[in-house]
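A short write-up of the structure that comes next.
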Amino acid sequence: MNSVRFNIECWQALSPGLGDIDAWKAWVASEKQWPETLSPVPVTDIPPMLRRRMSSLSKMAIQTAISLAKDSDIDFIVFSSRHGELERTAKLLRDILQGEDASPIAFSQSVHNTAAGLFTIATKQAIPVTSLAAGEHSLHSAIIEASAYLAENPQHRILVVDFDEPLPAPYHSFEVKQHQAFALGLILSNGSQYQLSWQAGDQSFPSSATLPQTLDVIANLVSGSHAWTIDGKRTQWHWKC
């Protein structure tokens, strides 16, 4: 079994209607049901002229990143997302199929590293940043990426931001887990506070997960769990602290 160790210095999670730790605790207590009224996520840390062009998903990811980074010295950032800006990409494809011109702004912000680029523009900070996608395991892959960096730079701090939203209309039939958009930010440093280990899952059995893995991680962080396991289609992830 492979494993990595790290400290979580602080974290933040955002979703419509869930903007603070008390709201997330209520979400866990209600068996992970979102509030009936989904209040918008505040994005006041993003410059107004920049956020007006962003998608709601990018705003959520950038707000999470800025709010964590502004009070910490960050040396490296990893953005991760399973689907990225698929909502914007799907709209571009619909416009093209209808014979319309693709919006240059929408096109430039439809790539998977949109959030990474917008963060550096919004903050005017030359922090090394990367983006990755690894299907349902994107968050855990980002943590492994961050841990590999910390192994070579043990004095550094890394910001990991994982974000996603439900699939757009043309792909609804592929959405098996009902949820709202979300973003989770973690500031990681070298240490042994948390251990993440993984092993091959049993592909003969369907995954028991009912939500994206990131939301299960949030639920356990909110609940103060000391150990939990997340089942994926190919991999089992074991957390311990």
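The values are calculated or read from the model by the stated rules, or taken from the named source; none is laboratory data. Just so you know, these numbers come straight off a predicted model, no measurement behind them. Don't worry about glycine lacking a Cβ; one is built from the backbone with ideal geometry, like all the others, and counts go over all protein chains shown. The accessibility values were calculated without ligands, DNA or RNA, using every heavy atom of the protein model including side chains. Shrake-Rupley method; radii C 1.70, N 1.55, O 1.52, S 1.80 Å.
Which numbered condition trips up Ser58, out of (1) part of a helix (DSSP H, G or I); (2) surrounded by fewer than 20 Cβ atoms within 10 Å (Cβ to Cβ)?
(2)
If we keep just the residues of segment 85-115 that are hydroxyl-bearing (Ser, Thr, Tyr) and assigned to a loop (DSSP other than H, G, I, E, B), which is farthest from the chain's Cα centre (by Cα)?
First pass over segment 85-115, keeping only residues hydroxyl-bearing (Ser, Thr, Tyr): 89, 103, 108, 110, 114.
Next, from what is left, pick out any that are assigned to a loop (DSSP other than H, G, I, E, B): 103, 110.
Values: Ser103: 26, Ser110: 17 Å.
By that ranking, first place goes to Ser103.
Which one of the conditions (1) over 17 Å from Thr114 (Cα atoms); (2) touching a residue at least 40 places away in the same chain (Cβ under 8 Å); (3) open to solvent by less than 60 Å² (accessible area, probe 1.4 Å); (4) of a type outside the set (Phe, Trp, Tyr) does Ser39 fail to meet, given that it meets all the rest?
(2)
For a quick check of your reading: which strands (runs of 3 or more DSSP E) sit entirely within segment 131-235 and have at least 2 residues that are touching a strand residue (DSSP E or B) at 6+ places or on another chain (Cβ under 6 Å), at pLDDT 90 or above and buried (at least 20 other Cβ atoms within 10 Å of the Cβ)? Break it down into steps so the answer makes sense when it comes.
Working: elements: 157-164, 182-200, 227-231.
In segment 131-235, the matching strands (runs of 3 or more DSSP E) lie at 157-164, 182-200.
Name the pairs whose Cβ atoms lie under 8 Å apart, with the first residue in segment 100-127 and on the phi > 0 side of the Ramachandran plot, the second of a type in the set (A, V, I, L, M, F, W, C) and open to solvent by less than 70 Å² (accessible area, probe 1.4 Å), and 6 or more positions between them or separate chains?
Taking only residues 6 or more apart or on different chains, not a single pair turns up.
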